[in-house]
Amino acid sequence: MQLSDFRFPFDPTLVATHPVHPRDRARLLVVSRGTGQFAHQHIQDLPDILRPGDVLVVNDTKVIPA
């Protein structure tokens with residue numbers, strides 16, 4: 001793996017610099033294991049999304065300005 005593998009164009013306006021308010025409006029990317037489809041949801045939707053046996057992967061990393 002090379003450092004150059006991580007250089008790609010992106011729109012800096014799409015990088016969150018502050019938490020969303022209210023916090024339950026934070027966005028989620030939900031992947032269906034059965035279909036492989038992606039869906040854009042919100043934290044407030046978690047009770048309707050999660051089913052027994054589901055795995056919730058939490059990314060708590062921070063963006064460090066370059």
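Structure above, values below:
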quantity	calculated
Output for region 14-48, where each listed residue is among the basic types (Lys, Arg) and surrounded by fewer than 10 Cβ atoms within 10 Å (Cβ to Cβ)	Arg23, Arg33
Filtered residue count, region 1-26, keeping only those that are free of Cβ contacts under 8 Å to residues at least 40 places away in the same chain and either small (Gly, Ala, Ser) or touching a strand residue (DSSP E or B) at 6+ places or on another chain (Cβ under 6 Å) (or both)	3
Those residues of region 8-66 which are in contact with a Leu (Cβ under 8 Å, 6 or more places away or on another chain) and aromatic (Phe, Trp, Tyr), in sequence order	Phe38
Out of Asp24, Asp45, sole residue that is at pLDDT below 90, of a type outside the set (Val, Ile, Thr) and either in contact with a Ser or Thr (Cβ under 9 Å, 6 or more places away or on another chain) or outside any loop (DSSP other than H, G, I, E, B) (or both)	Asp24
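The values are calculated or read from the model by the stated rules, or taken from the named source; none is laboratory data. Note that this is a predicted model, so its numbers are computed, not measured. All Cβ positions, even for glycine, are placed from backbone atoms using ideal geometry, and neighbour counts span all protein chains on display.
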